[in-house]
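A short reminder: the numbers here are calculations on the coordinates, not readings from a lab. Bear in mind the structure is a predicted one, so any value in this text is a computation, not a measurement. All Cβ positions, even for glycine, are placed from backbone atoms using ideal geometry, and neighbour counts span all protein chains on display.
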């Protein structure tokens with residue numbers, strides 16, 4: 001009897017099974033790599049132009065450094081932000097640096113000293129992505145400039161940036177700092193490093209980010225500029241919000257005078273229908289559809305993955 005043939009895997013199954021993070025290593029030489037670090041040409045060619053203009057270096061402690069990538073005569077470099085990384089990690093001549101690229105924005109970094117052992121580097125969690133407080137002044141394309149949102153007084157909406165501190169600033173010209181509970185002050189990582197790295201939840205296929213609604217008074221969703229840049233998104237002025245059960249709500253885009261882009265309408269109804277509390281994270285995925293263009297698919301995050 002002829003042996004059975006193994007069932008063929010679909011192209012999607014093959015790609016998921018065989019896809020591995022892209023890795024390379026460099027030996028640190030302060031004479032050539034203090035201001036910028038050249039990435040291996042063979043590795044950058046393998047990426048086929050899929051590298052971002054800005055990326056993040058992350059060490060084993062979870063520290064984050066933002067670096068810019070520049071190109072000069074077909075050579076790619078870690079440029080702005082790189083000197084801070086080598087200084088804060090006390091890199092020395094001959095140290096090995098192993099990079100693992102997640103294919104989007106993050107390079108996980110492992111440091112090996114000249115003794116071939118793991119290098120301590122920073123030695124703990126000191127540099128992380130924090131929320132920077134900014135006073136928001138929204139501009140609605142349909143309603144014109146306004147200092148109020150939905151008839152309510154302005155709230156600040158912390159923007160995604162790299163700095164320490166988690167105070168919230170509210171008010172107008174006489175803004176005062178106020179402290180809030182741990183729940184409202186905790187960091188929300190739009191890239192979902194921990195969620196996706198440790199496979200707490202499945203990573204969506206299309207452009208996505210981890211989001212929260214920050215207030216019951218003004219339900220709205222600011223799309224992080226880093227996400228827009230990374231995926232080169234052109235956000236539609238009108239689109240659809242879809243929850244996991246397939247229910248849909250219309251939403252409109254507002255552009256603020258500082259350039260931030262915000263979807264305002266529809267979020268209240270979606271959050272109430274799905275029992276989403278303020279600062280409870282969920283995932284927004286931008287799905288492209290021939291019939292309706294780009295729409296926002298909302299995914300819930302299981303409770304065990306939120307810890």
To make sure I understand, if each residue's beta carbon is the centre and we count other beta carbons within 10 Å, what order do 254, 116 fall in, fewest to most?
116, 254
Roughly how many whole Å is it from the C-alpha centroid of region 227-260 to that of region 280-299?
8
Distance in nm between pseudo-label sites at residue 48 and residue 118 (7 Å out along the Cβ direction from Cα)
3.5
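What ranking do 110, 220, 247, 264 get, fewest neighbouring Cβ atoms within 10 angstrom at the top? Don't skip to the end; give the middle numbers.
Details: 110 16, 220 22, 247 13, 264 19.
Lowest count first: 247, 110, 264, 220.
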Where does each of 304, 208, 299 land when they are ranked from fewest to most other beta-carbon atoms within 10 angstrom?
304, 299, 208
Take the alpha carbon gyration tensor of region 175-305, find the square roots of its eigenvalues, order them as a ≥ b ≥ c, and report rounded if a/c is under 1.5; if not, report prolate when a/b exceeds b/c, else oblate.
rounded
